[in-house]
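Step one of this worksheet: look at the structure below.
The values are calculated or read from the model by the stated rules, or taken from the named source; none is laboratory data. A quick note: this is a predicted structure, and the numbers were derived from the prediction, not measured. Because the Cβ atoms are built from the backbone with ideal geometry, glycine has one as well, and the counts that use them run over all protein chains shown.
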Amino acid sequence: RESIQVITGDGARWIDECAFRWCPQAERILDGFHIVSWATDALDKVRTAAWRDARKAGTAAKGAKDPVKGARWALLKNPGHLTAGQKAQLECVANTNETLWEAYKLKERLRMILRQDADEAAPMLRQWAADASLSGIEEFSKLGEKIDRRRFDILRTIRSGLSNARLEAVNNKIKTTIKMGYGYRNLGNLIALVMLKCGGLNLQLPGRQ
């Protein structure tokens, strides 16, 4: 092939040396899942800081009843997957915490940019990095600088259309399977159960609905 794309996360720079040594024509791209995860991690740090500030000020409610603490999943989920209750939580955040709401909008803008064509995404990504850097939100200021450094890797990602999404989904299923069994002494049993859960089989057991 004339070119090869190597999909990695941000923490896999060790792959570069190996890949480019043996495949000098390779291009490094970043999986879209990891790019969005940078923003969701930054957003969750902003939410945690906002909740701690509310606790210090004595304005936080107990547990999940607190509008900031209880909105964690509403902030992290894609808007199209929100329940009615989670939409109400987001509306509460928008009306009560300007910093957290601005962080949420930055996260959603980045996710939207990754769905655009590369030519359209290029100026939008550059503007997003500038806005995040100047947002006054420490976590997103750092992320804005990071996105600007990795901008060309991200644009190659968008242009390639490649994704590790299916691999990440299978990996999460394997992790869940290991937790279900609290570990396995027999590796063969674990492999069999993973193949059963990930193989798309729909087995009807006797006496089960």
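Restricting attention to region 1-37, and to residues there that are at pLDDT 80 or above and among the small types (Gly, Ala, Ser), which single residue is nearest to GLU98 (Cα to Cα)?
Top of the filtered list is SER37.
Does PHE140 meet the test of being in contact with an Asp or Glu (Cβ under 9 Å, 6 or more places away or on another chain) and either aromatic (Phe, Trp, Tyr) or at pLDDT below 90 (or both)? Spell out how you get there, then give the answer.
Working: in contact with an Asp or Glu (Cβ under 9 Å, 6 or more places away or on another chain): yes; either aromatic (Phe, Trp, Tyr) or at pLDDT below 90 (or both): yes.
Yes; evaluated as a whole, the condition is true for this residue.
Search region 146-169 for residues being farther than 22 Å from ARG126 by Cβ and either among the basic types (Lys, Arg) or assigned to a helix (DSSP H, G or I) (or both), and hand back the single one that is modelled with the lowest pLDDT.
My answer is ALA165.
Restricting to region 185-201, name every residue that is under 27 Å from PHE33 (Cβ atoms) and assigned to a loop (DSSP other than H, G, I, E, B).
First, the residues of region 185-201 that are under 27 Å from PHE33 (Cβ atoms): 190-191, 193-201.
If the condition is that a residue be under 27 Å from PHE33 (Cβ atoms) and assigned to a loop (DSSP other than H, G, I, E, B), then GLY199, GLY200, LEU201 are the ones that fit.
Here is a check on your reading of the model: is LYS105 under 28 Å from GLY32 (Cα atoms), surrounded by fewer than 16 Cβ atoms within 10 Å (Cβ to Cβ), modelled with pLDDT of 95 or more and not hydrophobic (A, V, I, L, M, F, W, C)? Working first, answer last.
Working: under 28 Å from GLY32 (Cα atoms): yes; surrounded by fewer than 16 Cβ atoms within 10 Å (Cβ to Cβ): yes; modelled with pLDDT of 95 or more: yes; not hydrophobic (A, V, I, L, M, F, W, C): yes.
It is true that LYS105 is under 28 Å from GLY32 (Cα atoms), surrounded by fewer than 16 Cβ atoms within 10 Å (Cβ to Cβ), modelled with pLDDT of 95 or more and not hydrophobic (A, V, I, L, M, F, W, C).
Every residue in region 80-94 that is touching a Pro at 6+ places or on another chain (Cβ under 9 Å) and closer than 15 Å to ARG47 by Cα, please. Please lay out each step first, then the result.
Of region 80-94, the ones touching a Pro at 6+ places or on another chain (Cβ under 9 Å) are 87, 89-90, 92-93.
The answer is GLN89, LEU90, CYS92, VAL93.
Of the residues ILE137, ILE113, ILE178, ILE154, only one is aliphatic (A, V, I, L, M), surrounded by 13 or more Cβ atoms within 10 Å (Cβ to Cβ), on the phi < 0 side of the Ramachandran plot and not assigned by TED's automatic domain parsing to the domain that holds ASP41; which?
On the way: ILE137 fails: not assigned by TED's automatic domain parsing to the domain that holds ASP41; ILE113 fails: not assigned by TED's automatic domain parsing to the domain that holds ASP41; ILE154 fails: not assigned by TED's automatic domain parsing to the domain that holds ASP41.
Being aliphatic (A, V, I, L, M), surrounded by 13 or more Cβ atoms within 10 Å (Cβ to Cβ), on the phi < 0 side of the Ramachandran plot and not assigned by TED's automatic domain parsing to the domain that holds ASP41 holds for just one of ILE137, ILE113, ILE178, ILE154, which is ILE178.
May I ask you to list pairs of residues, at least six apart or on different chains, whose Cβ atoms are under 7 Å apart, with the first in region 38-57 being at pLDDT 95 or above and the second being not in a helix (DSSP H, G or I)?
Going by the 7 Å Cβ cut-off, the qualifying pairs are VAL46/ILE137.
Looking at LEU134 and the list (1) modelled with pLDDT of 95 or more; (2) within 25 Å of ASP31 (Cα to Cα), which single condition is not satisfied?
Status for LEU134: all satisfied but (2).
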